[in-house]
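One structure is given below, encoded as structure tokens.
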Amino acid sequence: MTNPFPANRPSLVGVLALQGDVREHREVLERLGISVREVRRPRDLEGLDGLIIPGGESTTIARLIESNDLLHPLRAFCASGRAVWGTCAGAILLARQVDRLDRPGIAVMDIAVRRNAFGRQIQSFEADIEVEGLAGGPFRAVFIRAPKIEAVFPPARAIARLDDGTIVAAMQGNLLATSFHPELTDDPRFHQLFLAMAARASGTGK
């Protein structure tokens with residue numbers, strides 16, 4: 001993987017490390033030359049230029065966010081303007097509207113999400129998608145027990161859809177949500193997109 005930020009890049013990115021694809025995100029970021037901190041407590045958010053909320057089990061992550069006193073600090077981090085990206089379960093936690101989540105999510109992004117909408121893990125699939133703002137042609141997206149983004153409300157907007165029109169990625173200012181798992185591919189472009197967002201938000205990309 002090549003590093004797209006030889007001069008202007010975020011200095012430190014966090015990965016919420018309560019459950020899920022923490023290692024996979026960390027490995028992609030480190031291959032891109034980015035320093036990574038695993039976030040488990042509110043103090044771990046200090047000094048970060050951006051934060052990834054990984055895929056995993058959304059109910060479990062929501063419960064651990066609550067028990068680790070992270071809910072309000074995470075909401076404050078999102079409101080600070082620094083870049084935040086939720087993949088799969090992370091997208092569920094960012095959404096203001098979610099079905100069947102038994103704990104409060106972070107609930108900062110104006111999207112409606114339906115959990116496990118594509119079926120069980122045995123029904124996982126891959127698809128080539130066109131993504132707004134992502135150069136280099138279609139992105140091969142991996143869907144595993146994936147949620148659907150059923151609606152976006154301004155100022156959020158859809159940036160990627162399946163062929164049938166289903167929204168699978170959305171953006172709202174400093175917030176990014178994807179139904180799929182870019183960390184499970186060899187294509188670093190989504191991480192590069194997020195890092196560009198983080199660089200702009202932190203002022204290093206000006």
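The rows are residues; the columns are (1) basic (Lys, Arg); (2) assigned to a loop (DSSP other than H, G, I, E, B).
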{"residue": "104", "(1), (2)": "no, yes"}
{"residue": "107", "(1), (2)": "no, yes"}
{"residue": "110", "(1), (2)": "no, no"}
{"residue": "140", "(1), (2)": "yes, no"}
{"residue": "145", "(1), (2)": "yes, yes"}
{"residue": "150", "(1), (2)": "no, no"}
{"residue": "159", "(1), (2)": "no, no"}
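Being part of a loop (DSSP other than H, G, I, E, B) and in contact (Cβ under 8 Å) with a residue 24 or more places away in the chain is the filter; apply it to the stretch 161-185 and report the residue that is farthest from residue 78 (Cα to Cα). Spell out how you get there, then give the answer.
Taking the stretch 161-185 and keeping what is part of a loop (DSSP other than H, G, I, E, B), we get 162-166, 173-174, 179-181, 185.
Filter once more, keeping what is in contact (Cβ under 8 Å) with a residue 24 or more places away in the chain: 162-163, 173-174, 179-181, 185.
Details: 162: 27, 163: 31, 173: 10, 174: 8, 179: 19, 180: 21, 181: 21, 185: 26 Å.
Result: 163.
Taking the stretch 105-128 as the search range and keeping residues that are polar (S, T, N, Q) and under 20 Å from residue 163 (Cα atoms), which one is modelled with the highest pLDDT?
Step one: filter the stretch 105-128 for residues polar (S, T, N, Q), giving 116, 121, 123-124.
Next, only the ones that are under 20 Å from residue 163 (Cα atoms) stay: 116, 123-124.
Working: 116: 70, 123: 57, 124: 80.
That would be 124.
Among the conditions (1) more than 20 Å from residue 60 (Cβ to Cβ); (2) part of a loop (DSSP other than H, G, I, E, B); (3) at pLDDT 95 or above, the only one that residue 133 does not satisfy is (3).
Please work out if residue 145 is more than 22 Å from residue 195 (Cβ to Cβ), surrounded by fewer than 17 Cβ atoms within 10 Å (Cβ to Cβ) and either touching a helix residue (DSSP H, G or I) at 6+ places or on another chain (Cβ under 6 Å) or of a type in the set (Lys, Arg) (or both). So that I can check it myself, show each step before the final result.
On the way: more than 22 Å from residue 195 (Cβ to Cβ): yes; surrounded by fewer than 17 Cβ atoms within 10 Å (Cβ to Cβ): no; either touching a helix residue (DSSP H, G or I) at 6+ places or on another chain (Cβ under 6 Å) or of a type in the set (Lys, Arg) (or both): yes.
Criteria not met by residue 145.
Is it the case that some residue within the stretch 95-103 is touching a strand residue (DSSP E or B) at 6+ places or on another chain (Cβ under 7 Å), in contact (Cβ under 8 Å) with a residue 24 or more places away in the chain and within 21 Å of residue 195 (Cβ to Cβ)? No: the stretch 95-103 contains no residue that is touching a strand residue (DSSP E or B) at 6+ places or on another chain (Cβ under 7 Å), in contact (Cβ under 8 Å) with a residue 24 or more places away in the chain and within 21 Å of residue 195 (Cβ to Cβ).
Does any residue of the stretch 15-34 turn out to be out of contact with any Ser or Thr (no Cβ under 7 Å at 6 or more places or on another chain) and polar (S, T, N, Q)? Within the stretch 15-34, none of the residues are out of contact with any Ser or Thr (no Cβ under 7 Å at 6 or more places or on another chain) and polar (S, T, N, Q).
Which of the residues spanning the stretch 14-44 are within 26 Å of residue 145 (Cα to Cα) and among the aliphatic types (A, V, I, L, M)? Please lay out each step first, then the result.
Keep residues of the stretch 14-44 that are within 26 Å of residue 145 (Cα to Cα), which gives 14-29, 38-40.
Result: 15, 16, 17, 18, 22, 28, 29, 39.
In the stretch 41-67, what residues are surrounded by 15 or more Cβ atoms within 10 Å (Cβ to Cβ) and more than 24 Å from residue 113 (Cα to Cα)? 42, 44, 45, 48, 49 - these are the residues of the stretch 41-67 that are surrounded by 15 or more Cβ atoms within 10 Å (Cβ to Cβ) and more than 24 Å from residue 113 (Cα to Cα).
The values are calculated or read from the model by the stated rules, or taken from the named source; none is laboratory data. Computed from a predicted structure; not experimentally measured. Glycine gets a Cβ as well: all are built from the backbone with ideal geometry, and neighbour counts include every protein chain shown.
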